[in-house]
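Written out below as structure tokens is the structure these notes cover.
The values are calculated or read from the model by the stated rules, or taken from the named source; none is laboratory data. Please read all numbers here as calculations on a predicted model, not as lab measurements. Cβ: placed from backbone, ideal geometry, glycine included. Neighbour counts: every protein chain shown. Each accessible area value is taken on the protein alone, full model and side chains, heavy atoms only, with ligands, DNA and RNA left out. Shrake-Rupley method; radii C 1.70, N 1.55, O 1.52, S 1.80 Å.
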Amino acid sequence: MEKKRFKKIYVEITNSCNLKCSFCPDGKRTKEFMTAQKFEHIINEVKEYTNLVALHVKGEPLLHPNLKEILEICKKNDILVNITTNATLLEKNIETIIESDAVRQLNLSLHSITKNENTDVYNFENYINSVLNSSKEILNKTNIIISYRLWNLENIEENSENYYILNCLGKAFDVENLEEIAKKEKFVKLQENAFLNQDLEFVWPSMDNNIISEEGSCWGLRNQVAVLVNGDVVPCCLDGEGCIKLGNIFEESLESILHSKYSKEFVKAFEENRIIHNLCKRCGFRKKFDK
């Protein structure tokens, strides 16, 4: 496959979600769902720049009523798809996912259910059983990569929810003592195309946060860019409020947005280990890419 400028482009097909997780601020943007027509417009703009789109910034992509059509648009344009989901709707969408030839990877954020403030909405044990049954069926019938994410490593002791999840994963994939392995290894291969991916709890960057550093580098606008549900283009998937608006893809071409004076200055600054936007100065995730 031809190498293009961006490793991936995030396209937020909705900023609505069916959960309320403590680590994911609700935000101030109007909740909406992108139409299939607008999505196709975006794909026509981005396909010269990437071979892979991820269907989120904020929001739960499996909520989208036109997910099947969105995946068909990607397939028609030879675009692969990553889906990051809280997995509560995985069983409901399993047929769409299995029948699609566009989906490359499913990231199942299992930590969502442990951090969900609406505790009366989903039964914890039923959720885990549903996710495992659905994902195992997908693994058996497709070549889709599945990443089981646990991003709250502060507690994997016995009797914790994390420990229970790891125990269920270990049984499902015949991995003995996965709970103990997980204490030593963040990334564990469970079987072909199935992985456990662990990390510390994620904190969204915000203009309300303290400045972390004024020097550093990042892959924003260098190997990724994001399009919010209203068409606003931002440098990366962590700008959940659209603070760094570079332009709007429904009002001008992606090419003109990427070649604007500010976009060029933004990239040049990161290449020189400088940070020019105040949101980036408050991003802890960015520090993983510091030189």
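The residues of segment 120-150 that are under 17 Å from N82 (Cβ atoms), within 17 Å of the chain's Cα centre (by Cα) and not hydroxyl-bearing (S, T, Y), listed by number, are I144, I145, I146, R149. Where helices (runs of 4 or more DSSP H) sit wholly within segment 219-291, those with at least 1 residues that are in contact with a helix residue (DSSP H, G or I) (Cβ under 6 Å, 6 or more places away or on another chain) and within 18 Å of L55 (Cβ to Cβ) occupy 254-258. For segment 66-86, the condition holds for at least one residue, the condition being that it is assigned to a loop (DSSP other than H, G, I, E, B), within 17 Å of R149 (Cβ to Cβ), of a type outside the set (A, V, I, L, M, F, W, C) and in contact with a helix residue (DSSP H, G or I) (Cβ under 8 Å, 6 or more places away or on another chain). Pairing residues of segment 185-199 that are over 11 Å from S135 (Cβ atoms) with residues that are charged (D, E, K, R) and not in a loop (DSSP other than H, G, I, E, B), at Cβ distances under 7 Å and at least 6 apart in sequence or on separate chains, gives F195/K189; N197/R149.
In segment 151-175, what residues are at pLDDT below 95, more than 19 Å from the chain's Cα centre (by Cα) and open to solvent by 40 Å² or more (accessible area, probe 1.4 Å)? E154, N155, E157, E158, N159, E161, Y163, Y164, N167, listed by residue number. All of (1) at pLDDT 95 or above; (2) in a helix (DSSP H, G or I) hold for Y148 with one exception: (2).
Counting only residues that are surrounded by fewer than 12 Cβ atoms within 10 Å (Cβ to Cβ) and of a type outside the set (D, E), segment 184-193 holds 2 of them. Within segment 135-149, the residues that satisfy the criterion of being farther than 8 Å from I98 by Cβ and not β-branched (V, I, T) are S135, K136, L139, N140, N143, S147, Y148, R149. Taking segment 44-63 as the range and being touching a helix residue (DSSP H, G or I) at 6+ places or on another chain (Cβ under 8 Å) and open to solvent by less than 10 Å² (accessible area, probe 1.4 Å) as the test, the residues that pass are V46, V53, L55, P61. For the condition in contact with a strand residue (DSSP E or B) (Cβ under 8 Å, 6 or more places away or on another chain), free of Cβ contacts under 8 Å to residues at least 40 places away in the same chain and aliphatic (A, V, I, L, M), I97 does not qualify. Of the residues examined, N129 is not one that is at pLDDT 95 or above and open to solvent by 40 Å² or more (accessible area, probe 1.4 Å). For segment 87-96, the criterion of being within 20 Å of S147 (Cβ to Cβ), open to solvent by 60 Å² or more (accessible area, probe 1.4 Å) and of a type in the set (A, V, I, L, M, F, W, C) is satisfied by no residue at all. Being of a type in the set (F, W, Y) and open to solvent by 30 Å² or more (accessible area, probe 1.4 Å) is a condition met by no residue of segment 265-283. Restricting the search to segment 156-212, which residues are part of a helix (DSSP H, G or I), of a type in the set (K, R) and within 28 Å of C24 (Cα to Cα)? Selection gives K183, K184. One residue alone among G240, G247 is more than 28 Å from L166 (Cα to Cα), over 18 Å from the mean Cα position of the chain (by Cα) and not polar (S, T, N, Q), and that residue is G247. Residue selection: E215 satisfies the criterion of being acidic (D, E) and either surrounded by fewer than 14 Cβ atoms within 10 Å (Cβ to Cβ) or in contact with a Ser or Thr (Cβ under 7 Å, 6 or more places away or on another chain) (or both). Within segment 6-43, being touching a strand residue (DSSP E or B) at 6+ places or on another chain (Cβ under 6 Å) and open to solvent by less than 60 Å² (accessible area, probe 1.4 Å) holds for F6, K8, I9, Y10, V11, T14, L19, C21, I42.
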